[in-house]
Structures are given as C-alpha cells and as structure tokens.
Amino acid sequence: MTLLRDNNKQSNDAMQPSWTPKMIVFDKDGTLGDCTQSMHIWSKRMTNVILDECQKTDLSAEQMDQLIRNFHTAIGWDPLHEALLPSSYLSSGTWGQILHATTLVLDEGNIPDAKEKVQFWHDNLGDIHANDKPLIDDLPGFMSILRQQYEGVLIAICTSDDRSATNSCIKNWKLQDYIDFSICGDEVMEGKPSVEPIMTLCERAQVTPQDCIVVGDTTADTIMGTRAKVGLTIGVLTGTGTTDLLLENGADIILRSIEDMIQPTGLESMSNTRKSSSDLTETSSLSSEGDLSL
C-alpha cells in the first residue's frame, strides 16, 4: 500500500473538511498496526499450557477436549481457521478481560488455583509482539500529513492492550514524535466500549469529545465513540470488524483503512458525515453484540 505523499496531494479547498477536529483518537491493533499474529501466538501457547495442566488432573480426554473448546469460545479464537472472531475479547478486549474469561473456563473445569496459574502462564509466554507490523508503509509520514491537514490537531492512541506492549509498538513503528497522548487497557477501571478511556484522554488533552474523531476496527471502538458523543466515529476494515457490524454499532462512516483519511474521497466523506450539535444530543441504538463489558 502506497502512502499519498505531500507532493501528490491535491490542495483544492473543496476537499478540505469544514470542521477541524482538535484530537484524533486511534485504536492500535487492527487500525494502526497488525497485531493479529501476536494474538495467534498467545492463543496457541496458552492452549498448550492448559492442555499440559489438564494432563495432571483426572479429567477424561472428552472433558479436556470440551474445556479447550470452551476456552476458545470464551476468548474468541477459531483454531480451525486460525482466526480471531469479530468483537471477541481477543480482538478488542483488554488483557484483564481475556485472562478473566480464561480463568472462568478453568474454574468450571475444576482446575485448582486457576486465577494464579493463568496469570503466571500469561506472564511467562515470552515476547508475542516482536512481529507486530504497521498497517501502512509509512505510518510516521501518514501522521505528518494528518497534522498538516488539521493544523494543531492532537493525535492519541486508545487501546485495550497493556502499556508495555503499546510502548513497544510506538517505538517500533517510529511514532514517538507523533503521539501526544495514549491510554491503555491496564490504566482504566473499564476498557472499551466504556467511555472511560476516551473521556480520560479528553480530560488530559483538555478537549471535549465533540472535538474528537475516533477511529477503530471493532465495535468496541465505535460503541465507545458513539456513547461518548464524539464528533465523528470512523470504522476501518483493516481488522476484525465488517462494514455491517461497524455501522450497526455506531460507526458514522466506513473507510478501507486509515490511509483513506488523507485521500480526497475520505476527506469529503468525513466532512459530510461529521455530526451536528443536534445529532450529539441523541444516543444511537447499538446492538448488544458489540458490548464486551464483563
């Protein structure tokens, strides 16, 4: 995918949005970068350690097989196709939610000390983020163009991932000079789709939600944006969310990727779709499928 460079941009005023956001809030996994592989690695490694633990019990082969199936269902892992299920804990939940769901399955399977064991296994699975890659060729260049298009705009990351993995991605993707604020799943009481993460970012940046654009690939992102009544909620198709699912759960517009945000058609769509003040007084009807709260 080739990034639209400054010298290729058209500067027609008609292409520029009439509304200038004060902050653009990006999801990380599936929006800025492809972290799918890291979740694949985690799911496979955790499956193996759970199987090893089951071998130490008196569970039958049938019971062990059922426990593993329950584990995969709880976290949202499809082992047959090696895929993350849309709007599952794996695709958009916090690590706390993923580990809690895992613990519940093991408790139901009568695995002793499940909570302590799950945390220990998680802490010792090794580096699962080493191969996480940005979703566009020149992510720093994209951020630079955004700042030129929206003078004075702040750029933030709102992710369900933890701080350690997030800092690694920001460094590996060379975004240190472009991210003004970030908030992670292990830094809030309630993660997405709760409004707590976006409201915390707004408080830190001293902006209102109405002055923000939220960009994400899952219903957790779009529901959060809609519940917080942000100025514009953008769904992107580079992660696990589909067009229908994202639109049904609060997305105002759908773009193929974040790269479309700096293309003329994307700019026009964003400008035409931005909510009016009257729109922001109403709460959209969201399907329960996207709500990941435990």
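Computed from the coordinates by the stated procedures, all read-outs in this text should not be read as laboratory data. These numbers come from a predicted model, not from an experiment. Counting neighbours? That spans all protein chains shown, and the Cβs are built from the backbone with ideal geometry, glycine included.
Ordered by the count of other Cβ atoms within 10 Å of each Cβ, fewest first, H72, H100 give H100, H72.
Cα convex hull of segment 36-123: mean projected area in nm², to one decimal? If you can, show how the numbers build up before the last one.
On the way: hull surface 20.9 nm².
Spelled out: convex hull of the Cα atoms, projected over all directions, averaged, 5.2 nm².
Set the bar at 19 Å for Cα to Cα. Now go through K171/K192; K22/K133; K28/K117; K56/K115 and name every pair that lies beyond it. Walk me through the numbers before you get to the answer.
Details: K171/K192 23 Å; K22/K133 27 Å; K28/K117 28 Å; K56/K115 17 Å.
In this structure, K171/K192; K22/K133; K28/K117 lie more than 19 Å apart at Cα.
With a Förster radius of 30 Å applied to the beta-carbon distance between N172 and E82, the computed FRET efficiency rounds to 0.80. Across segment 54-64, computed HN-Hα scalar couplings (Karplus, 6.51 cos²θ - 1.76 cosθ + 1.60, θ = phi - 60°) run 4, 5, 8, 9, 9, 5, 6, 4, 5, 5, 5 Hz from first to last residue, x flagging Gly and Pro. Backbone geometry of segment 24-32 corresponds, through the Karplus equation with coefficients 6.51, -1.76 and 1.60 at θ = phi - 60°, to 3J(HN,Hα) couplings of 10, 10, 9, 5, 9, 6, x, 10, 8 Hz, x marking Gly and Pro. How about K174: which aspartates and glutamates have a C-alpha closer than 14 Å to its C-alpha, ignoring those fewer than 8 places off in the same chain? Cross-link targets: D132, D137, D138. Highest-first packing order for the peptide set 223-230, 169-176 is 223-230, 169-176, based on the mean count of other beta carbon atoms within 10 Å.
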